[in-house]
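As structure tokens, the structure follows; a few thoughts come after it.
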Amino acid sequence: MTRLKDIGGRRLSFGLAFRWNDTTIGLALAVLGCLSRLPFATRYLYSWDSVNFALGMRGLNVTLHAPHPPGYPYYVGLARLLDLLLGNANASLVAISILFTGLTAAALFLLGRDALGQETGIIAALSLLACVTFWSYGTIALSYTVLAFFSIAVAWAAARVALAGERRWLPWLTALYSIAGGFRPDLLLFLAPLWLWGLLHASWRDRVWHGLAALAGFWVWFAPTAWLSGGPADYLAVFLAYLNRDVLDRYSVSHQGLAALGINLRDLASYFFYALYAQAALLAVAAAWLIGSGRWRREPVWAFLAVWIAPMVAFYIFVHIGDPGYVFAVLPALCLLIAGWFAAMWRRPHGRIVAPALAIALIINAGIFLVVDKPLTAAGIRRNDVAIGAKMNHIRRAYRPEDVVLLSYASYKHTRYYLPDYPHTLWVDLFTRQHRRHPLPPAARDLVLVDHELHGLVRDRARWEAVDVSPGVRIYRARIQRETHVAYGVAGIEGE
């Protein structure tokens, strides 16, 4: 395979006699990625969005948030295909997360190999696999490992075109860019500069053809998604309402000013740290090395990395970063920077002192994931999984559907999904001041708070009994007496 030319300085040699070819190394990294996630695979849908994806597998309709806008049709379609084999929505979605963890590691190795050398590609892939939240998200039913894979895949194709001048990669660039949009439509925005940079190396005729091809690729997934969602008008109405109400109005700098800027910067820094942990120190050293050595001016690979990640970082800062998984679109570039610094230090006479630092950082990260009890470590993921299962199973065992009214917050979608025959399931929206009244069915005997956050809203706490459904997992129950309605909202929860 032709190497990228003159973008990363000298080829690297650590004095290691790799006898495996690149294909074998890529496969080994992919297998390592999959096997390291498999023991921690969850049994229940992880979050609200996970349930939306599972609902989309039953019948895609964005207007019903099945899944949530903008739709993720290829992702949901792939999960539905796997469901034919596995027969379980969560297992199918988690299988995608595990599979794309392996594919992401292999893809980053290939990009790193072509840009900076084989050994650098290996180090970058191992660095990414050891990122704590990247490990966690490889075990749950969310699409962020898919985000990471297509971010790398499009970057790799763009590098072959823009940096190596290999125009035969243009069809691959456009194809990957279009397919990425079908899996995660936000990538069409995030990766547009890379795609356009690649097209600068094409003739005007080819630019037109590739533009038309990308447009056709967009319509391949957009048209059926819009049709299944009631038509383009209904789809766009829901999408724009979601964008304005749930993203721009709440979180963007344009609507919330400097307060939003501070929150977005805080969240972005936190999410990077949750991923990198011990590697954050190495990243700081690597960034100082890159700037101090002047390599960022001399070696085009670093400008390429900036074009790759700048649109995403800008969006996260000025608009919104809604989940720790969003940094996975940028994280591979940071792992390449760490690997590039490590390789440059290794070439120096006494540079091999950096080897223990890298090894220690990777071991610390693995230890954090495996041992430390945080929401996005193995213990936290397991605790969330156990809590969801314990709540749903207890409610089904303890209450008949007609006997209970369920009030929930974060578990609302889980309750509707896992207990579909329980008709009286209410969502308490903690983000608005709206107060609602719901008539109590005549046969109902109990009110149940599915989420512990709601207990702080009850007016008469003496009426509510704590029920431990599993160690550390609690719901609350109150007997219905003469009440005919339940009033609920952030102002309080009480029977009337």
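Read-outs: derived from the displayed coordinates by stated rules, not from any lab. A quick note: this is a predicted structure, and the numbers were derived from the prediction, not measured. Reconstructed Cβ throughout: ideal geometry from the backbone, glycine too, with neighbour counts over all protein chains shown.
In summary, the range 116-161 shows an alpha-carbon radius of gyration equal to 1.30 times the 2.2 N^0.38 Å reference for compact globular proteins. Over the chain, Cα pairs under 8 Å with separation of 6+ residues give a relative contact order of 15 percent. Which one of 296, 32, 270 has its Cα pushed farthest toward the positive end of the charge dipole of the chain, where Lys and Arg give +1 and Asp and Glu give -1 at the Cβ? It is 296. Close amide H pairs (under 5 Å, H built 1.01 Å from N) link residue 426 with 406, 407, 408, residues at least 5 positions away or on another chain. Counted by neighbouring Cβ atoms within 10 Å, the residues 205, 474 run from fewest to most as 205, 474.
Only Lys, Arg, Asp and Glu carry charge here, each on its Cβ (+1 for the first two, -1 for the last two); on that basis the chain has a dipole of about 960 debye about its Cα centre. For the range 386-495, what percent of Cα pairs sit more than 19 Å apart? For the range 386-495, the fraction of Cα-Cα distances above 19 Å is 38 percent.
Along the axis of the charge dipole computed for the chain (Cβ charges of +1 for Lys and Arg, -1 for Asp and Glu, origin at the Cα centre), the listed residues 386, 122, 210 are led at the positive end by 122. Taking the charge dipole of the chain about its Cα centre, with +1 at Lys and Arg Cβ atoms and -1 at Asp and Glu Cβ atoms, the residue from 368, 489, 260 reaching farthest to the positive side is 368.
Taking a ≥ b ≥ c as the square roots of the eigenvalues of the Cα gyration tensor of the range 166-316, is the shape rounded (a/c under 1.5), prolate (a/b larger than b/c) or oblate? It is oblate, given that a/c is not under 1.5 and a/b is not larger than b/c. Per-residue ellipticity at 222 nm from helix content only, as computed over the chain with -39500 (n - 2.57) for each DSSP H run of at least four residues, stands at -19000 deg cm²/dmol. Taking a span of 24 Å or more along the helix axis (Cα atoms) and a mean Kyte-Doolittle hydropathy of at least 0.0 as the rule, the DSSP H helices of the chain that qualify are 89-116, 144-162, 204-228, 258-276, 300-318, 354-371. If a/c stays under 1.5 just call it rounded; otherwise compare a/b with b/c (prolate if a/b is bigger, oblate if not). Do that for the range 40-89, with a ≥ b ≥ c from the square roots of the Cα gyration tensor eigenvalues. It comes out oblate by the Cα gyration axes. The shape of the chain can be summarised by an equivalent ellipsoid whose semi-axes, obtained from the alpha carbon gyration tensor, come to 45, 26, 20 Å from longest to shortest.
The slack between residue 243 and residue 317, meaning 0.36 nm per residue of separation minus the straight C-alpha distance, is 25.0 nm. By the count of neighbouring beta-carbon atoms within 10 Å, fewest first, 272, 342, 134 end up ordered 272, 342, 134.
Where both bridge residues fall in the chain, DSSP classifies roughly 70% of the beta bridges as antiparallel. The orientation-averaged projected area of the convex hull spanned by the Cα atoms of the range 84-219 comes to 8.9 nm².
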